[in-house]
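Accompanying notes for the structure given below.
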Amino acid sequence: MNQDFLYNIFTDKKFSKEEQAQIIPKFKRIEFSKNEFLLEEGKIANRYFFIESGFVRSYATDLEGNDISTNFYSFGDIVIDWPSFFLRTPTKENIQALTDCVCWQLDFETFQQLFHSIEAFRENGRTTLVGSYFELKRHSISMITDHAKDRYKRLMREKPLIVQHISLKQIATYLGVTDTSLSRIRKEIASE
């Protein structure tokens, strides 16, 4: 089992060699097939994942039964439903592989052990949680204050692989527009 991916992740986050030796063996490599669920609505998140390869999305189902994308994940991202994982409550989201994926998972109990025994792991977890909260807040405010074209341009800048590999319909729901509107926006941007 090649853990080079994890060593790169934890080296980038400035963990000591001793801390890496404690943390990395705790992760389990797991593969998901396209359309397989990492987490389903109504269940409690007992694991989180780092994505080594592939694409994943989270989505919720609105009152009319439509899937609304809430986030996209690709190489190096942490895939987690924060409230479900930490508050031990059933999730309202689904997290699904959009392609075949290779992930590294850590279960809740092991996370707790590492969180309480390794200060750098705890601080990195807090930093990651805060960053995710800020991103969620920024996206929520953007849905109210920014034009769809600006939201799409930001997505292109910040997650170009998502724009290249994910269906327009799924991206459109994330941006709060119809796929027809997104096609129009893409044509406008291409002609600029």
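The values are calculated or read from the model by the stated rules, or taken from the named source; none is laboratory data. Note that this is a predicted model, so its numbers are computed, not measured. Glycine also receives a Cβ, built like all others from the backbone with ideal geometry; neighbour counts cover every protein chain displayed.
Return only the number of the condition from (1) over 27 Å from Gly176 (Cα atoms); (2) modelled with pLDDT of 95 or more that Pro90 does not satisfy.
Condition (1) is where Pro90 drops out.
Just the residues that are out of contact with any helix residue (DSSP H, G or I) (no Cβ under 8 Å at 6 or more places or on another chain) and of a type in the set (Val, Ile, Thr), please, taken from the stretch 163-192. Full working, then the answer.
As a first pass, look at the stretch 163-192 and keep what is out of contact with any helix residue (DSSP H, G or I) (no Cβ under 8 Å at 6 or more places or on another chain): 164-167, 170, 173, 180, 184, 187, 190-192.
Those that are out of contact with any helix residue (DSSP H, G or I) (no Cβ under 8 Å at 6 or more places or on another chain) and of a type in the set (Val, Ile, Thr): Ile166, Thr173, Thr180.
Given the options Asn46, Asn66, name the one that is surrounded by 14 or more Cβ atoms within 10 Å (Cβ to Cβ) and among the polar types (S, T, N, Q). Walk me through it before giving the result.
On the way: Asn66 fails: surrounded by 14 or more Cβ atoms within 10 Å (Cβ to Cβ).
From the options Asn46, Asn66, the qualifying one is Asn46.
Kindly indicate the residue of the stretch 17-42 that is within 14 Å of Leu114 (Cβ to Cβ) and surrounded by fewer than 14 Cβ atoms within 10 Å (Cβ to Cβ) and also modelled with the highest pLDDT among those meeting that condition.
Pro25
For the stretch 2-98, please list each of the helices (runs of 4 or more DSSP H) lying entirely inside it that holds at least 3 residues being touching a residue at least 40 places away in the same chain (Cβ under 8 Å) and closer than 27 Å to Thr173 by Cβ.
On the way: elements: 4-12, 17-23, 82-87.
So the answer is 82-87.
For the stretch 142-186, enumerate the residues that are under 17 Å from Tyr73 (Cα atoms), of a type in the set (A, V, I, L, M) and not in a helix (DSSP H, G or I).
Selection gives Ile166 alone.
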